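Heads up: the structure comes next, in structure tokens.
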Amino acid sequence: MICRTKRVKLVALPVLIFAGAAWFALAQGEHQLDAEKIANASGTKATTKGQVVRIEWPRNDVPFKVDGMPLKPFAGLGSWAAFTPAPHGAMMMGDTVVFEDEVTPAMDAAFANGLEVTALHNHFFYDEPKVFFMHIGGHGETEKLAAGVKDVWDAIKKVRQENATPAKRFSGDIPKEGQIDGAAIEQILGPKSQAKDGVVKVSIGREGTMHKVKVGESMGLNTWAAFSGSDAYAAVDGDFIMTGEEVQPVLRALRKANIHIVALHNHMIGEQPFFYFLHFWGKGSTQELAQGVKTALAAQKEAARGTER
């Protein structure tokens, strides 16, 4: 009986090890993605390196210079997306080259496909025309992610098909200086406003720590919106301070209000919690613009409340 029992244990052990390894691999998402399906869904060639499948789009459709020198796509002017196995199917990360008039259509296409926008910033100085880089991400079904990337790139291509040369400003009239009712903006947004040189500005402070030192609004931890022009037709520019969980809800709320996102990045290193900063620009009546900012503040508050549960 003793020998028989030992024999059973010796036979069962490799099976248990194999089963455990298989479960662990499944939990870690260690399965090979189908590069051909990604290629078909994205409409472009896919390459594989290890577990990662990658697609690329070199931006050679617009003549581009940095510091007066023509720059080839391989020197840093290429859009790409990479897919790796994950327990829920796949995780995607990518970087999209966008000229200024392509940012909003590309961002809207990303959101329409359930993708995230994780950064929007510049990579160059003295670039002609000015170029930005919109980083995207997502997780879920591999082919849906690839199709989403395709829609983002197609939105960019559509802009260039309609106008080969990148635009130099947003569509719509240029707001003219006039009267802005700060009290009306306060009624919508809540905090007391400040006025200077015809500009009405509202600021909402936040607290955190940096290197174990408490910091707040006066040290740059604030969301603010500045209104220029007139009540009938104004421009709003500003900055949202957000934790990671708040970024996507705020982005989506501002875009739903037709307010453009012009930057998404960090301002500090070593702060707690880690903060992201979103810069925005919009045009319209002060009432419409303030309501748009208000919806983003509400979305941010709801996201913050969700993390506390």
Original post:
Here are some residues: 172, 148, 216. Which one is on the phi > 0 side of the Ramachandran plot and in contact with a strand residue (DSSP E or B) (Cβ under 8 Å, 6 or more places away or on another chain)?
Top reply: 172
**OP:** Would you confirm whether any residue within the range 281-301 is crowded, with 17+ Cβ neighbours inside 10 Å and closer than 19 Å to residue 136 by Cα?
**Re:** no
Subject >> Criterion: among the aliphatic types (A, V, I, L, M) and part of a helix (DSSP H, G or I) - qualifying residue of 147, 90, 167 >> reply: 147
Original post:
Among the residues of the range 223-240, is there at least one that is in contact (Cβ under 8 Å) with a residue 24 or more places away in the chain, over 16 Å from residue 284 (Cα atoms), surrounded by 15 or more Cβ atoms within 10 Å (Cβ to Cβ) and among the aliphatic types (A, V, I, L, M)?
Top reply: no
Original post:
Hey, residue 47 hits all of (1) assigned to a strand (DSSP E or B); (2) closer than 29 Å to residue 252 by Cβ but one; which does it fall short on?
Top reply: (2)
Original post:
Does at least one position in the range 183-200 carry a residue that is surrounded by 14 or more Cβ atoms within 10 Å (Cβ to Cβ), of a type in the set (Ser, Thr, Tyr), out of contact with any Gly (no Cβ under 8 Å at 6 or more places or on another chain) and not assigned by TED's automatic domain parsing to the domain that holds residue 44?
Top reply: no
**OP:** Evaluate the range 21-39: report whether one residue or more is modelled with pLDDT of 95 or more and over 26 Å from the mean Cα position of the chain (by Cα).
**Re:** yes
Original post:
Within the range 275-302, can you find the residues that are without any contact (Cβ under 8 Å) to a residue 60 or more places away in the chain and either more than 12 Å from residue 236 (Cβ to Cβ) or touching a Lys or Arg at 6+ places or on another chain (Cβ under 7 Å) (or both)?
Top reply: 276, 277, 278, 295, 298, 299, 301, 302
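Taking the condition modelled with pLDDT under 95 and either of a type outside the set (Gly, Ala, Ser) or over 19 Å from residue 287 (Cβ atoms) (or both), does residue 211 pass?
Working: modelled with pLDDT under 95: yes; either of a type outside the set (Gly, Ala, Ser) or over 19 Å from residue 287 (Cβ atoms) (or both): yes.
Here the answer is yes, as residue 211 does meet what is asked.
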Subject >> Among (1) closer than 21 Å to residue 111 by Cβ; (2) part of a helix (DSSP H, G or I), the one test that residue 282 misses >> reply: (2)
**OP:** Please enumerate the residues belonging to the range 211-249 that are β-branched (Val, Ile, Thr) and under 12 Å from residue 275 (Cβ atoms).
**Re:** 215, 223, 241, 243, 247
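Just to be sure, is residue 73 surrounded by fewer than 21 Cβ atoms within 10 Å (Cβ to Cβ), touching a Pro at 6+ places or on another chain (Cβ under 9 Å) and not assigned by TED's automatic domain parsing to the domain that holds residue 264?
Details: surrounded by fewer than 21 Cβ atoms within 10 Å (Cβ to Cβ): yes; touching a Pro at 6+ places or on another chain (Cβ under 9 Å): yes; not assigned by TED's automatic domain parsing to the domain that holds residue 264: yes.
So residue 73 passes the test.
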Original post:
Going by the structure shown, is residue 136 crowded, with 18+ Cβ neighbours inside 10 Å, at pLDDT 95 or above and of a type outside the set (S, T, N, Q)?
Top reply: yes
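Inside the range 243-274, can you point out the residues that are part of a strand (DSSP E or B) and either out of contact with any Ser or Thr (no Cβ under 7 Å at 6 or more places or on another chain) or surrounded by 14 or more Cβ atoms within 10 Å (Cβ to Cβ) (or both)? Walk me through how you get there before you give the answer.
At the first step, the residues of the range 243-274 found to be part of a strand (DSSP E or B) are 260-265, 271-272.
Result: 260, 261, 262, 263, 264, 265, 271.
The values are calculated or read from the model by the stated rules, or taken from the named source; none is laboratory data. Computed from a prediction, not measured in an experiment: that's the story for all the values here. Note: ideal-geometry Cβ built from the backbone for every residue, glycine included; neighbour counts use all protein chains shown.
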